[in-house]
Amino acid sequence: MLAKFNGKHERHVADRKRALLGDLSGDVLEIGPGTGVNLPYYPSGIRWIGIEPNPFMHPYLKRQAEQLGIQVEIREGRAERLDVPDHSMDAVVSTLVLCSVQVVPGALGEILRVLKPGGRFVFIEHVAAPPGMWLRRVPRWVRPVSRALADGCCPDRETWVAIEKGGFEHLTLEHFRVPIPITSPHIAGSATKKA
């Protein structure tokens, strides 16, 4: 489903991805890269490692990398326990991933652990709607279905709160909407590990 039906979402976030991913350099870790939709946005010359827990995504990732002519390293694993040494990454990328991790603060702690001092965490995530909106209630109703069909996705998380409390500095965060039912509210931004 992700490989075939992600085009509409991608069109609405492409400019933000270009802005967030286009100037990364060095060693870049992407958690939950799925089918590899972010690969075209990265600049040349980076060393890219993807931690993808779903082995069925690996062939899509490899095919996308081959089509783009880039080298990638794909590892199985989870965001809450990254198979990467401490202080080894210049950047960590998360797009539409933190909705499906089991323990968001644990995943953010791992991101901090693997980032070099001064390294950047960049993200685009769909999140819960503000309190009082009808969109706030809908994701709670569909959560059991989305968890089963979308790799554990919980569409009603206040992920921005966890990021704000995550121990980063220089956090920039934007709330925006994508015209897709249920997952319309999004956040995008970056944060830095203390030097």
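Numbers below:
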item: Charge sum, other residues only, whose C-beta stays under 12 Å from residue 81's C-beta, Lys/Arg counted +1 and Asp/Glu -1; result: -1
item: Amide hydrogen neighbours beyond the local backbone of residue 89, cut-off 5 Å, H modeled; result: 115, 116
item: Candidate aspartates and glutamates for bridging to residue 17, where Cα separation is under 12 Å - those fewer than 8 sequence places away on the same chain excluded; result: 125
item: Local net charge near residue 103, Cβ-Cβ under 12 Å (Lys/Arg +1, Asp/Glu -1); result: +1
item: Listed peptides 78-89, 29-40 by packing density, highest first (mean Cβ within 10 Å); result: 29-40, 78-89
item: Counted charge near residue 90, where neighbours are those whose Cβ lies closer than 11 Å (Asp, Glu -1; Lys, Arg +1); result: +3
item: Sequence of 154, 99 once ranked by neighbouring C-beta atoms within 10 Å, starting from the fewest; result: 154, 99
item: Shape category assigned to segment 1-103 from the gyration tensor of Cα positions, a/c cut at 1.5; result: rounded
item: Other-chain or far-sequence residues with amide H under 5 Å of residue 30's (modelled H); result: 49, 50, 51, 93
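Read-outs throughout are calculated quantities, based only on the coordinates presented, and are distinct from any laboratory measurement. As the structure is a prediction and not an experimental result, all values here were calculated from the model. So basically every Cβ, Gly included, is an ideal-geometry build from the backbone, and we count neighbours across all protein chains shown.
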